[in-house]
Amino acid sequence: MAYNWLREAGLLERVAEPGPVPQRIFEAAVLGLPWFQDADILVQDPGELPEDALTAAEALGIDRGQAFRHVHALWGKVDLEQRERIGAAGETALVKLLEGSVDAQIRHVSQASDGHGYDIEVAGTSCWLHIEVKTTPRRQRITVFLSRHEYETMIRDPAWQLVAVRLSANLEIEAVCSVPREWIAQNTPRDRVVSGRWESCRLTVPLSEIANGITRLMSLLYDDASPMIDGTAGW
């Protein structure tokens, strides 16, 4: 049984990789545990490690402090890979949804350059919107990473709008909502000294603050616009 698990986890093919073998086995073990995707919230210090992680660590001769560091290092790597994958899928899905719902020219500008400070441009006769897309697979939690460039674009560009997209496990779009600019401005960090400044921040948006759909596009909607865009479908 142990041999089969090692093979299924892909560890047998990674024997020659650098790094301690116990660490690789431990990380493979915790990767599939149900709490791992929320490790950043659920495990804030070594004392909060779940019993299954502690049992695996003890069997492999890894102390609690090392186990905690391994969990968070692995979570950071997996989270970054997932954000890149679902982020691209979320942008593409929203572009397609907008093209069938809005009487305007839709440009996926981030495909050409990431220097705009937003991902999608909507150019209509009565409305012009610059949409920064943040994608999540979660229903009850909207956590977004905002760069300094995106924030400063929001401050100087009145057309800028942060839109959250929820995707299914199959990367199909399930819900769309808008996050108020005022809330973002109130909850981003503040530079306290001239010798240091923040470059990226993580924001957890309360569901009470979101608006279903993209309300700023209401004047451009087709009669048969998607309920995810016109706001009749909830988050």
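Read-outs throughout are calculated quantities, based only on the coordinates presented, and are distinct from any laboratory measurement. This is a predicted model, so every value here is computed, not measured. When we count neighbours, we look across all protein chains shown, and the Cβ atoms used for this are built from the backbone with ideal geometry, even at glycine.
Restricting to DSSP H runs of at least four residues, report the calculated mean residue ellipticity at 222 nm for the chain, -39500 (n - 2.57) per run over all residues, nearest 500 deg cm²/dmol.
About -11000 deg cm²/dmol.
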#### Entry: Isotropically averaged projected area of segment 137-235, using the convex hull of Cα atoms (one quarter of hull area), nm²
7.5
### Share, in percent, of DSSP beta bridges within the chain that are antiparallel, nearest 5
75
### Query
What is the dipole size for the chain, taken about its Cα centre, with +1 at each Lys and Arg Cβ and -1 at each Asp and Glu Cβ, in debye to the nearest 20?
400
### Summary
With a ≥ b ≥ c from the Cα gyration tensor eigenvalues, square-rooted, and the rule rounded for a/c under 1.5, otherwise prolate when a/b > b/c and oblate otherwise, segment 71-209 is oblate
#### Entry: Label-point separation, Trp128 to Ala185 (7 Å along Cα→Cβ), nm
2.0
### Task
Note the direction-averaged projected area, equal to a quarter of the hull surface, for the Cα convex hull of segment 9-126, in nm².
11.1
### Task
Taking each pair of different alpha-carbon atoms in the chain once, compute 1/r for the pair, average those values, and report the inverse of that mean as the Kirkwood hydrodynamic radius in Å to one decimal.
20.1
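Under 15 Å from the Cβ of Leu207, count the other residues' Cβ atoms, weight Lys and Arg +1, Asp and Glu -1, and hand me the total.
+3
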### Message
If you filter segment 178-228 for trypsin sites (Lys or Arg not before Pro), then keep DSSP loop positions with at most 15 other Cβ within 10 Å, what is left?
### Response
Arg190, Arg192, Arg197
### Query
Quick one: putting +1 on the C-beta of Lys and Arg, -1 on the C-beta of Asp and Glu, what dipole do you get for segment 83-186 around its Cα centre, in Debye to the nearest 20?
420
#### Entry: Extension gain (nm, one decimal) between Glu99 and Ala233, 0.36 nm per residue minus Cα-Cα
46.4 nm
### Message
Please list, short to long, the whole-number percent of alpha-carbon pairs of segment 25-92 in consecutive 10 angstrom bins beginning at zero.
### Response
20, 51, 19, 8, 1
### Task
Note the angle between two axes, namely the Cα long axis of helix 64-99 and the longest principal axis of the Cα atoms of the chain, as a number of degrees from 0 to 90, rounded to the nearest 10.
30
### Task
For segment 65-134, give the magnitude of the charge dipole about the Cα centre (Cβ charges: +1 Lys/Arg, -1 Asp/Glu; no others), in debye to the nearest 20.
320
### Task
Net charge near Ala57: determine it from the other residues with C-beta under 14 Å of the C-beta of Ala57, scoring Lys and Arg +1 and Asp and Glu -1.
-3
